Amino acid sequence: MRRAGVLETCIGVFLLTLLAVIAGGVYWYGANPPKSASGRGPGVSGVPLGVAANLPADLAPFGREETFDPGTLSDKIDGKADLYLSTGFVELTVRRFAKKTDAKSWIELSVYQMRDSAGAFSVYSLQKRKDSKPLNLASSGGGDSAYRTADAIFFAAGPKYFEITSSAPGLMGDMKILAINLVKGQPRSGGLTIESFFPHKFLDRSTISLHMKDVFSMSGLDRVYTAVYTDRGCQVTAFISRRKSPKEAEDIAAAYGKFLLENGGVAAGEMIDAPGAKIYKVFDTYEVVMHRGAFFAGAHEVDKLESAKDVALRVYRKISEVVR
Amino acid sequence: MKKMGKERPGQPGMDRRDFLIRLAKAGATVGVAAGVGYFLHDPFGPRASAEKPPGVLPDFIVPGVGKKIAIATGGGRIKAIDGAIEALGGMGSFIKKGDRVLMKVNCAFASPPSLCATTSPELVAEVTRLCFRAGAASVAVTDNPINDPESCFSLSGIGEAARSSGAELILPRESLFTEFTAPGSSLIRDWPVFTGAFTGVTKLIGICPVKDHHRSGASMAMKNWYGFIGGRRNIFHQNIHTFIKDLALMIKPTLVILDGTFTMVSNGPTGGSLSDLKKTETMIASTDQVAADSAGARLLGKTAKDLPFIMQAERAGVGTADFESLKPYRVSIG
């Protein structure tokens, strides 16, 4: 039999070595599964997002930076992880900063990297605190959506959602500086123009929210914006969702109407001024379901029929200004 | 030997014999590799010894005390817990001389006490004091926060409160977990449980805040036992109501304390702002964890029927969701 040449022997040894390395890697990975939190060490450049350069002078990094991926997010925020995971969560980075003069006064910065700006706005809007105050970070070039409470700041900028929380009173000044510095250079959110389709009269702008999944308990219904109006003392939740095509919007309106009928609703007429708009009575509340162009829209769970129709009609007309 | 036709480029001199020998070697190599692979293949993935019988954690219920609940309102945390415990007959009804008490707190997050996402440190200190005054030989405080326990115990203030009041801290470490199967549970099977924390313990007290919870609707006394579970426990969120019921079946506490001085009514279980809290000035202490959660649900504007885990636990015989049937001791502190 012919003996193997030098080149063949070298190739054979190389391939066997490669296989051994792969086998060793597989064995090591199996023996060392990913840990709960992928805490990166507090390296020299361990401060995220260029915060070090923008940190208020009286704050210093405190503790190590931590990052969490979709597999470990619940290690940090437990049951609230689902909210993010269903909305396009990519990564969470957390870092704390303490007052140089008082280590018990510290803030925690949480930066949620989402897949897109819609995801960031969604988690921002769905957690909005009721007694919050709008915060203007836009003058710095970013921060489309921001608010503050007595002890925290929350905002979305581009595909990121930020939370700055505090351990003690008296840190709001530093938190604002940090927030403004953080939004500098962040891309402005491009997915919020839907706001302009909500008529302004009687609208509480702070209630505009984006629901990403299984909206109104209907499986598969996604990306629906809601906003609350107060019409003659009655609260009305209006909704708008831009779909890919007029056909898709029409199909979704039909599917949602069917869903309501299957879940205790009854047909309660149509709206003459909004062609195709249907009214349903679901137990003690009313729903208006309509489509116009590529928009699926309506009013949700309204106590008074007249208020539901009034707000739905105004939404319909506003959409019609664009869709001609 | 006769050549097998024309020689191919790059294969000079190969005849039938060479070909058959090489073919046999290649076949043997493939066969051995396949055999080894088959031998090592585990179709069920990593798991503990599957045949381990169900384990039983100690029963910490004090015989003869029965099902009781006290609801104290007003006065701040210290007066409220003192009032509630007094209404139940005093800590001496539960803790006897020489008892070794384990206090299971909610220390799930590295967040400050002001946010009420974790058990109040002043409550930990006061209950520790009450236990020692009743004659406890030792008090240990524990939880398994998964995410960096040192930070959680430090920043929540619980670690310092425990130490300063004479309690021992038991931080989770691998040697304290054992593979455990809870009787009657379809979920807690061969799963790492923090059983080491129970070593030598004679009484168990659960203390936690009342919180909204994005997944289960509420985080209260029964959900607090989640901290006795290790591993990738977030997978149980998919079946969280049944899991909480299973936890309540597994853990039989001496007493549970629900702190509703401030209730986290939104964005739970982490919260993040004082805006997520509502001043509800209520302290609930009970020997019946289901009744305690049912009373706590009211602070969240809910009833037991809104929270499936409460009704499941009642059906499983853990306790009663109709806490009023226990004729609560109501204590109003000015």
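The values are calculated or read from the model by the stated rules, or taken from the named source; none is laboratory data. Note that the coordinates shown come from a computational prediction; the quantities given were computed from them, not determined experimentally. All Cβ positions, glycine included, derive from the backbone under ideal geometry; neighbour counts span all protein chains shown.
Okay, here's what the table says:
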| quantity | calculated |
| --- | --- |
| Residues located in region B:124-161, provided they are within 11 Å of chain A (Cβ to nearest Cβ) and at negative phi | B:ASN144, B:PRO145, B:ASN147, B:PRO149, B:GLU150, B:SER151, B:CYS152, B:SER154, B:LEU155, B:SER156, B:GLU160 |
| Test for A:TYR161: is it in contact with a Leu (Cβ under 6 Å, 6 or more places away or on another chain), under 29 Å from A:VAL228 (Cβ atoms) and not β-branched (Val, Ile, Thr) | no |
| Residue list for region A:248-303, filter: polar (S, T, N, Q) and over 22 Å from A:PRO199 (Cβ atoms) | A:ASN263 |
| Unique match (being touching a Lys or Arg at 6+ places or on another chain (Cβ under 6 Å) and farther than 22 Å from B:LEU123 by Cα) among B:GLY184, B:GLY196, B:GLY200 | B:GLY200 |
| Region A:52-77 - residue that is part of a helix (DSSP H, G or I) and over 17 Å from the mean Cα position of the chain (by Cα) and, of those, nearest to A:VAL183 (Cα to Cα) | A:ASN54 |
| Residue satisfying all of: in region B:281-304; in contact (Cβ under 8 Å) with a residue 12 or more places away in the chain and surrounded by fewer than 20 Cβ atoms within 10 Å (Cβ to Cβ); nearest to B:ASP246 (Cα to Cα) among these | B:LYS302 |
| Close pairs from region A:72-95: first under 12 Å from B:PRO269 (Cα atoms) and more than 8 Å from chain B (Cβ to nearest Cβ), partner of a type in the set (D, E, K, R) and in a helix (DSSP H, G or I), Cβ under 6 Å, at least 6 apart | none |
| Strands (runs of 3 or more DSSP E) wholly inside region B:124-220 that include at least 1 residues being of a type outside the set (A, V, I, L, M, F, W, C), crowded, with 23+ Cβ neighbours inside 10 Å and touching a residue at least 40 places away in the same chain (Cβ under 8 Å) | B:138-142, B:203-211 |
| Unmet requirement for B:PRO63, which otherwise passes all of (1) at pLDDT below 80; (2) away from every other protein chain (no Cβ under 11 Å); (3) outside any helix (DSSP H, G or I) | (1) |
| Failed criterion for B:ALA136 (all others in (1) in contact with a Phe, Trp or Tyr (Cβ under 9 Å, 6 or more places away or on another chain); (2) more than 23 Å from A:LYS104 (Cβ to Cβ) hold) | (1) |
| Search result, residues across region A:181-202 that are closer than 21 Å to A:PHE155 by Cβ and either at pLDDT 90 or above or in a loop (DSSP other than H, G, I, E, B) (or both) | A:LYS184, A:GLY185, A:GLN186, A:PRO187, A:ARG188, A:SER189, A:GLY190, A:GLY191, A:LEU192, A:PHE198 |
| Candidates B:THR282, B:THR242, B:THR261, filtered to the one that is under 24 Å from B:TRP191 (Cα atoms), modelled with pLDDT of 95 or more and more than 14 Å from chain A (Cβ to nearest Cβ) | B:THR242 |
| Qualifying residue in region B:267-277 (condition: away from every other protein chain (no Cβ under 14 Å) and within 28 Å of B:VAL331 (Cα to Cα)) | no |
| Verdict on B:ILE85 being β-branched (Val, Ile, Thr) and more than 14 Å from chain A (Cβ to nearest Cβ) | yes |
| Residue within region B:72-89 that is touching a residue at least 60 places away in the same chain (Cβ under 8 Å), in a loop (DSSP other than H, G, I, E, B) and touching a Pro at 6+ places or on another chain (Cβ under 7 Å) present | no |
